[in-house]
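So the structure is just underneath, and the comments pick up after that.
The values are calculated or read from the model by the stated rules, or taken from the named source; none is laboratory data. Since we're looking at a predicted model, the values are computed, not measured. Every residue, glycine among them, receives a Cβ derived from its backbone with ideal geometry; neighbour counts consider all protein chains shown. Protein only, heavy atoms only, side chains kept; ligands, DNA and RNA dropped before computing areas. Shrake-Rupley method; radii C 1.70, N 1.55, O 1.52, S 1.80 Å.
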Amino acid sequence: MAVPTFVDRVTLHISAGRGGNGVASVHREKFKPLGGPDGGNGGPGGSVILRVDPDVTTLLDYHHSPKRRAEHGGHGAGAHRNGGHGADLVLPVPDGTVVADPRGEVLADMVGPGTELVIAQGGRGGLGNAALASSKRKAPGFALLGEPGDELEIVLELKVVADIGLVGFPSAGKSSLIAAISRARPKIADYPFTTLVPNLGVVTGGDTTFTVADVPGLIEGASEGRGLGHDFLRHIERCAALVHVIDTASIEPGRNPVDDLDVIENELSRYGGLEDRPRLVALNKIDVPDGRDLSDITIDDLRERGLRVIPISAASGEGLRELTFAMAEIVAAARDAKPAVETTRIVLRPQGADGSGDFTVSQTVDGWRVRGTKPERWVRQTDFSNDEAVGFLADRLDRLGVEEKLLSMGAQEGDAVLIGDPDNAVVFDFKPGMDAGAEMLGRRGEDQRIDHSRPAASRRREIDEAMEHRAEGETRADVARRLDAERKGQTYGPSSYEIGGSEDPDWSEQDPGR
């Protein structure tokens, strides 16, 4: 199997790095067992960046390695140690690379050395409990998780950045022409389809310097995929003008310059998008006697069509100066006609203080769906195995106005509330009216507002309430046993008695000493 040396279209799978998790930690040292929260933050994940590199001329590297991933961020640690930043992944691409999604929607046009595009953003690092501490929540027993980085599939398509495009039949002399007017050295041979990849050459005509692209030869049916030209027609889409290189010394029967021009023009029109480009016609190989005669016969017919026709010989150099100056004239006119790029004025419009612009709520068959950057990010950062973290999420959503919005739209207690992407949403049961505030918190890692999954927490609260009405001399253990007995419908005896007395359950009337 032949190994390709030029690739101008690839599908790339890219993944940005995941942010590191924050950590919940408490500072401890001798004589200071609870020195306060000191958990560090997680580091952000690395991003994937596309950058135009003038030394890169093909997408071959991505053809062999189509999956690329940036580094993950480091996790936080105790003693206020933050996780390391994940390294960005910079992918060099050729000048003129078009970035699109799999559906064909263009995301960016990479033109100009040094142009950069952050195509996949790294995930944010999660906050540690030191950063989450406040005057009301002085020792958080939780930390936030890191966010996953962007993961997507893109299509990179190379379109050569050139001012003039040379088109024509195979063996018309396009490679010889670009070699004669520039320092480009393409492969030249006397058989069709010698040129397999586009070639670029830099040409100077007077005070104008421009680039010329030589694409593989076109044949009839190229727009439908015949030959090689269809794969490379995209490389002339950026050209300011097209030059038809026509072979006047072809030995193939039935061919003549006028018919060759009509065939190529038909293929260009069927490809589309090139109708507005100026045309030049170069009648090549007039150094051959039959070629000069055929050129003299057909030149008037071509000029009657309004085309500028220049007889040339890439081998002897005849007519090349006139051709290069004609190219330079078209390029200069195109550059002058190009509108000046106006600097875009950036206007910052802050969202309302009520946060109403940060999320949307809609009713679906599955329940109430909440979409928004903040709610979705907060859900991704929440450790749902920690009740205190879930309570913190409830506080944030309430402050944002999600609960108020749901109530105003008619949501009832027990309704399903979905937050996040429809394919991977987190489902909650709506419980309005839950008071927020750290003063209600119990032990570290718990939130008293969330008791359905904590029977021990409910039992402790029940005992605490009963302790306020305990009998004289009744201990906490006595209160717990009394509540257990009442729950079972049993009679609870006293916790203290005189040994051998009437209240001693271990003695009876028949025992000695009674």
Worksheet item: (1) modelled with pLDDT under 90; (2) in a helix (DSSP H, G or I); (3) touching a helix residue (DSSP H, G or I) at 6+ places or on another chain (Cβ under 8 Å); (4) under 22 Å from LEU132 (Cβ atoms): which one isn't true of ARG444, the others all being true?
Response: (2)
Worksheet item: If ARG380 passes every condition in (1) loosely packed, with under 13 Cβ neighbours inside 10 Å; (2) at pLDDT 85 or above but one, which one does it miss?
Response: (1)
Worksheet item: Within region 323-344, can one find any residue that is among the aromatic types (Phe, Trp, Tyr) and modelled with pLDDT of 90 or more?
Response: yes
Worksheet entry | Residue pairs meeting the criteria (Cβ under 9 Å; at least 6 apart or on separate chains; first free of Cβ contacts under 8 Å to residues at least 12 places away in the same chain, in region 360-377; second surrounded by 15 or more Cβ atoms within 10 Å (Cβ to Cβ) and outside any helix (DSSP H, G or I)) | SER362/TRP368; SER362/ARG369; SER362/VAL370; SER362/ARG371
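Only one of these is modelled with pLDDT under 90 and open to solvent by less than 50 Å² (accessible area, probe 1.4 Å): LEU117, LEU177, LEU144, LEU156. Name it. Please lay out each step first, then the result.
On the way: LEU117 fails: modelled with pLDDT under 90; LEU144 fails: modelled with pLDDT under 90; LEU156 fails: modelled with pLDDT under 90.
Answer to the selection: LEU177.
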Fill in: Where GLY86 falls short, out of the listed (1) of a type outside the set (Val, Ile, Thr); (2) farther than 27 Å from GLY126 by Cβ; (3) not in a strand (DSSP E or B)
(2)
Practice prompt. Consider only pairs whose beta carbons are under 6 Å apart and that are at least six residues apart or on different chains; among these, list those whose first residue lies in region 237-256 and is modelled with pLDDT under 85 and whose second residue is open to solvent by less than 10 Å² (accessible area, probe 1.4 Å).
Written response: ALA249/GLY291
Item to complete: Consider HIS63 carefully, then state whether it is open to solvent by 20 Å² or more (accessible area, probe 1.4 Å) and within 15 Å of GLY42 (Cβ to Cβ).
Response: no
Discussion item. Being surrounded by 18 or more Cβ atoms within 10 Å (Cβ to Cβ), of a type outside the set (A, V, I, L, M) and over 16 Å from the mean Cα position of the chain (by Cα) narrows it down to one residue among GLY20, GLY84, GLY45; which is it?
Written reply: GLY20
Fill in: region 194-227, subset among the acidic types (Asp, Glu) and at pLDDT 65 or above, residue surrounded by the most Cβ atoms within 10 Å (Cβ to Cβ)
ASP214
Practice prompt. Would you please list the contacts, defined by Cβ atoms under 8 Å and residues six or more apart or on different chains, that run from a residue in region 466-477 that is on the phi > 0 side of the Ramachandran plot to a residue that is outside any helix (DSSP H, G or I)?
Written response: GLY473/SER495; GLY473/SER496
